[in-house]
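Following: one structure in structure tokens, then a few remarks.
The values are calculated or read from the model by the stated rules, or taken from the named source; none is laboratory data. Since we're looking at a predicted model, the values are computed, not measured. When we count neighbours, we look across all protein chains shown, and the Cβ atoms used for this are built from the backbone with ideal geometry, even at glycine.
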Amino acid sequence: MNAPAQGELPPTPHNNPPRIAVADLRVGHYVHLDLGWMDHPFARSSFKITSLRQIETIRSLGLTEVRYAPERSDPVVTAPADHPQAAADAAGTPATEASVAPAPSAASDTHHQSVLDAQRQALQQCERRCAESSRAVKAVLDQFQTAPEQAGQACARLIQGMVTQIPSQEDAVLRLLAEGHGDRATLHAMNVTVLSLLLGRAMGMAAEELEALGVAAVLHDVGKVELPDRVRFRDDSFTSAHFKLYQEHVMHSVAWGRRMGLSTAALLAIAQHHEAADGSGFPKGLHEAQLSPAARILALINRYDGLCNPPNPLKALTPHEALSLIFATMKPRFEQQTLNAFIRMMGVYPPGSVVQLTDERYALVISVNSSRPLKPRVMVYDTTVACEDALLLDLQQHEDLGIQRSLRIEQLPRAALTYLSPRQRICYYFERAAQATEVSETMA
């Protein structure tokens, strides 16, 4: 069972939080929706109600009652007798936004809410597409041993669909998503696939080349099923014998790829995904000129995601740290044009990076536009706004505001850590830049 996200009410008998009828909800109640993340439009399942519109949305979900936390809710304030809400209470019906005379700030509040709704809708759409692709990847990984040909065909259809969905290079936005989307194997395959396809597109690959790259990205590690559990994931404690066994997964992956009927280009990328430009890779110690373009991309992306999402979460690097480490100490291992294109695409501060802005505020990088990598969109720690209502700040709209430095997660003050909730596992998907721009709003 998954642990609740920070700030949520865990549904355990120890808490036994009281329940309240949806008809009795008021602005200021802190509630928890016992629904899946795809079954409601809110950013989180637990949050404080800040508008009548949120109450109407909860009613539209068909719920009759919800759990709530009295100690985290605002005190009940009795409205004046002539206030629409008081009249509605007396009549036993909720006040609607239309029945409440607009206050001077109503236009601003309405705009804020409309932007917030659009932001959540865009995120939900991106999450849904990612979840659909993740389920398809998991199905392929679950099926390839029993029905290899069918799995290969299913993988090809999946990648063809993803290639069609990928925006043009100028419109591509890489988005940080919620943790999860399957087990570790599925998450790794998904991240490597998404990043490889985006980088391949940025480097001018044709659709056929992208499809071979995408298939190889999904299936590059399938040969690990042939390895003993002890050596399926490389770590620092490996002996030379362990490492030799680990290297064999490449050969096994290629063998399974042949059973699945993969193209020559996809098989070659799988065979070379652990090779290095300086000849220090395996299994053949090939050099840069001997590596296919797809293999060059796959080797780099595979290493990057391995640093961000290692088997031991305690050893995980932030995306900024992973990119910096690759550039500082592993540069000779990767073909320079590919590495440079990857850094341009990811930005200096990739999604998932924890940063401090030039005005000293803390923030979490949420997405990066490949055409403006130094100006990502960030979620800013703001004590005046509930975290579930935080709007994303698009730094490209603020010439006088930027990122001062990257931080490790433990460098965040506790309150900022709780508010920003940095992901323990990094999960990426893509969306259109036009869509992302539509949901941004000035917050400076």
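Inclusion of E360 among residues that are of a type in the set (D, E), farther than 25 Å from S45 by Cα and buried (at least 18 other Cβ atoms within 10 Å of the Cβ) is not warranted.
Among the residues making up region 49-71, those that are of a type outside the set (V, I, T), touching a helix residue (DSSP H, G or I) at 6+ places or on another chain (Cβ under 7 Å) and either at pLDDT below 80 or not in a loop (DSSP other than H, G, I, E, B) (or both) are S51, L52, R53, R59, E65. Here T146 meets the list (1) more than 22 Å from L197 (Cβ to Cβ); (2) in contact with a Ser or Thr (Cβ under 8 Å, 6 or more places away or on another chain); (3) at pLDDT 85 or above almost entirely, failing just condition (2). Taking the conditions exactly as written (of a type outside the set (S, T, N, Q), closer than 30 Å to R230 by Cα, touching an Asp or Glu at 6+ places or on another chain (Cβ under 6 Å) and not assigned by TED's automatic domain parsing to the domain that holds G28), does P332 satisfy them or not? Yes; evaluated as a whole, the condition is true for this residue. Could you tell me whether any residue of region 290-299 is touching a Pro at 6+ places or on another chain (Cβ under 8 Å) and outside the structural domain of L412 (by TED's automatic domain parsing)? No, region 290-299 has no match at all.
Look at (1) part of a loop (DSSP other than H, G, I, E, B); (2) crowded, with 17+ Cβ neighbours inside 10 Å and you find that S237 fails only one, number (2). Exactly one residue among H273, H320 is closer than 26 Å to A202 by Cα, touching a strand residue (DSSP E or B) at 6+ places or on another chain (Cβ under 6 Å) and in contact (Cβ under 8 Å) with a residue 40 or more places away in the chain, and that residue is H320. For region 406-444, taking the residues that are among the aliphatic types (A, V, I, L, M) and modelled with pLDDT under 75, the one that is surrounded by the most Cβ atoms within 10 Å (Cβ to Cβ) is identified as A436.
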